[in-house]
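*Asks:* Take a look at this one; I'll ask things after.
Each reported figure results from applying straightforward, stated rules to the coordinates on display, with no laboratory input. Note that the coordinates shown come from a computational prediction; the quantities given were computed from them, not determined experimentally. Please note: Cβ atoms are built from the backbone with ideal geometry, for glycine as well, and neighbour counts cover all protein chains shown.
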Amino acid sequence: MKQGIHPENYRPVVFKDMSNGDMFLTKSTAKTNDTVEFEGETYPVVKVEISSSSHPFYTGKSKLVDTAGRVDKFMSRYGKASKK
């Protein structure tokens, strides 16, 4: 890597997915006051609501959306409109 192009606070940080507890280590400049023990070392931790380990797109577990009810609701409102 080129020297002198990264900010001074570019350091290893653990990101913790709060929905399932998974953690991963990467480098970041994110500000945090919390720390966590990860693989025998203590790192700053950033808590996130969702990550690739819990997002439905990456896990393949999608939520069922009631599209039929939405279509019926639309047709009841606008399907009876007369075309002129």
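*Asks:* Looking at the range 1-62, send over the antiparallel percent of its DSSP beta bridges, to the nearest 5.
*Replies:* Looking only at bridges with both residues in the range 1-62, the antiparallel portion is about 70 percent.
*Asks:* Something else: Find, among the chymotrypsin sites (Phe, Trp or Tyr not before Pro) in the range 1-35, those assigned to loop by DSSP (not H, G, I, E, B) with at most 12 other beta-carbon atoms within 10 angstrom.
*Replies:* Answer by residue number: 10.
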